[in-house]
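First up is the structure itself, then whatever we jot down about it.
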Amino acid sequence: VSSGDEKQLMGQEADGSQAEPASRSVGADVSLEDLVSLCKRRGFIYQGSEIYGGLAGTWDYGPLGSQLKRNIINEWLKFFVDGWDDMYQIDAAILMNKKVWEASGHASGFNDPMVECNNCHARLRQDHIENNKCPVCGKENEFSEPRQFNMMFKTNVGPVEDENSVSYLRPETAQGMFTNYKNVIDNFYPDLPFGLAQVGKAFRNEISPRDFVFRAREFEQMEVEYFVEPNKWEDSFEHWRKDVHAFLEKLGIDKEKVHELEVPDEDRAHYSKRTIDFEFDFPHGKAELLGLAYRTNFDLTNIQNATGKSMEYRPKDGSTPFVPHVIEPSFGVERLLMAVLTSAYSVDEQNGEQRTYLKLPLNMAPVKVAVFPLLKNKPELTEKAKEVYKMLKEEFNFVMWDDNGNIGKRYRRQDEIGTPYTVTIDFQSLEDNTVTVRSRDTTEQQRVEVQNLSGSIRS
Ligand code: ATP
């Protein structure tokens, strides 16, 4: 990849004029360049609209990237929705009445103060500037006055373009839960505490999209609004804090690289009484992976004030109604994906040659097993291999067929995409119905009888 292409791959503007440089790897094992390059080379992630020169801050997920995202989302749903008795999943529209964003404070307050470097004219987020030095040209103390920049994408709903038809693409999924809180209460009348959960796209017109999919303009969130009694928020917060760690472990995320940052009073959103940012040692440095916030009853109270409709919860024991308080764990799918890949990225030496492989756990691996006929042009081998492929596909769904190039090359390809097992069908297979199973991590090979193959892989 040429250096110009690389810049675009990391999410910056094509001409570099409004972009901050992608950070270099800081004390991490894999560089951002290596990660980007593997993702493109192996069909995980492509630059959005690449064939037309790209669109900064957007990304397209290829066959393996889509599958990895799906695995992360499925694991989240399993862990935080299916496993709970008091969780209700919803799927709200991305376009919402603009009053939602006026009441939530996004329309006026969803701004990041931005400055322009007077020397190179790069536009930068003020809170991203260290030592008063421009990260693009290096010039010091040459910044314009900070300006506000609303990060919501504005659009018009319907054929008439005027102020009344203005709407926004949602910048977070959270408001979809708050606006449906009353519907769910009326339909299901759950006990407190209970949660609303949602997975979906969010859009922010980030000033400087960068560091690959870490800061994009279109991304996906997985959020829960967990409604609790006002005096019980602390227990619930602690429960969630522990669950977040347990969930990250399920994804194979390296716990040594995860750090809790107790956000100090002055940096917290005004409505939050406590926030922990879970940070991760990304290839570009330590940065926010997800957030856990106690949002008080700020959002429901705002809705109540704006709509005149009561958001109070009526306790079943007849005691005084109240507006519940909220704990909000907020996960970004793309940042989790980057953390999963960073944790899995491994390099070792095999027979004097350097090998790159993704040490993904089985639940994350986009392909669970790959099947190879030893030779492509021997019909008896391919026929037998097809039988094995079909059998494994029924069991594992995500099975890849590869008969291209020599076996060593095929192993390397599968190692790089994190396939835990490969199965080779050779001439001995035709005689004794055994195949060779190779493990990605140890590269050890074992002969296994076809009828024991699925069980052997599972165990
Ligand atoms: P940052 O300070 O990095 O901009 P934030 O504090 O604004 O993040 P939140 O509003 O708390 O982020 O959003 C919740 C989660 O959504 C984040 O922890 C992150 O995982 C994800 N997220 C937010 N913005 C982006 C983005 N531009 N690209 C990818 N993921 C994002």
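Any read-out appearing in this document is the output of simple, stated calculations on the displayed coordinates, not a laboratory observation. Predicted model only: the values in this text are computed from it and were never measured. Using ideal geometry, Cβ is built from the backbone for each residue, glycine included, and neighbour counts are taken over all protein chains shown.
For the reader, a short list of remarks on this structure follows.
- Compared with the dominant principal axis of the Cα atoms in the chain, helix 174-188 is inclined by about 90°.
- Cβ-based charge dipole, the chain, positive-most Cα from Val224, Gln304, Pro373: Pro373
- Only Cα pairs under 8 Å and 6+ residues apart enter the sum, and on that basis the relative contact order of the chain stands at 14 percent.
- Cα-centre dipole for region 164-271 with unit charges at Cβ (Lys and Arg positive, Asp and Glu negative), debye to 20: 540
- Region 343-382, Rg to Rh (Cα coordinates; Rh as Kirkwood inverse mean 1/r): 1.14
- Highest to lowest packing among 72-80, 368-376, scored as the average C-beta count within 10 Å: 368-376, 72-80
- Under the Debye formula (equal points on every Cα, no solvent term), log10 I(q)/I(0) of the chain at q = 0.13 Å⁻¹: -1.23
- Thr419, Thr443 arranged by Cβ crowding within 10 Å, fewest neighbours leading: Thr443, Thr419
- Taken over region 278-363, the convex hull of the Cα atoms encloses 156 Å³ per residue.
- Cys residues of the chain that find no other Cys beta carbon under 4.7 Å: Cys39.
- Against the chain, whose longest principal axis is taken from its Cα atoms, helix 32-41 shows a tilt of about 60°.
- Semi-axes of the equivalent ellipsoid for region 26-183, Cα gyration tensor, largest first, Å: 32, 28, 18
- Debye intensity ratio in log₁₀ form over the Cα atoms of region 410-459, taken at each q of 0.18, 0.28 Å⁻¹: -0.55, -1.07
- Sorted by Cβ density within 10 Å, fewest first, the residues Ile129, Ile51, Ile425: Ile51, Ile129, Ile425
- Kirkwood Rh in Å, taken over region 126-274 so that all alpha-carbon pairs contribute: 19.6
- The alpha carbons of region 91-195 occupy a box of 59, 41, 19 Å along the principal axes, longest dimension given first.
- Degrees, to the nearest 10: 298-307 long Cα axis against longest axis of the chain: 60
- Report note on the peptides 86-92, 259-265: ranked by the mean count of other C-beta atoms within 10 Å, highest first, their order is 86-92, 259-265.
- Altogether, the Stokes-Einstein calculation at 37 °C and 0.692 mPa s, with the Kirkwood radius of region 300-459 over Cα pairs as Rh, returns a diffusion coefficient of 172 µm²/s.
- Peptides 398-404, 313-319 ranked from most to least packed by the mean count of surrounding Cβ atoms within 10 Å: 398-404, 313-319.
- For region 348-459, the relative contact order is 29 percent, taking Cα pairs closer than 8 Å that sit 6 or more residues apart in sequence and dividing their mean separation by the residue count.
- Dividing the convex hull volume of the alpha carbon atoms of region 214-320 by its residue count gives 162 Å³ per residue.
- Distance violations [Cα-Cα > 22 Å] among Lys40/Lys78; Lys78/Lys201; Lys154/Lys286; Lys250/Lys273: Lys40/Lys78; Lys154/Lys286; Lys250/Lys273
- Hydrodynamic radius of region 144-228 by the Kirkwood approach over all distinct alpha-carbon pairs: 15.5 Å.
- Per-residue ellipticity at 222 nm, computed for the chain from helices alone with -39500 (n - 2.57) per DSSP H run of at least four residues, works out to -9000 deg cm²/dmol.
- Straight-line cross-link reach from Lys316 at under 17 Å between alpha-carbon atoms covers these aspartates and glutamates, not counting any fewer than eight positions away in the same chain: Asp86, Asp186, Asp191, Glu229.
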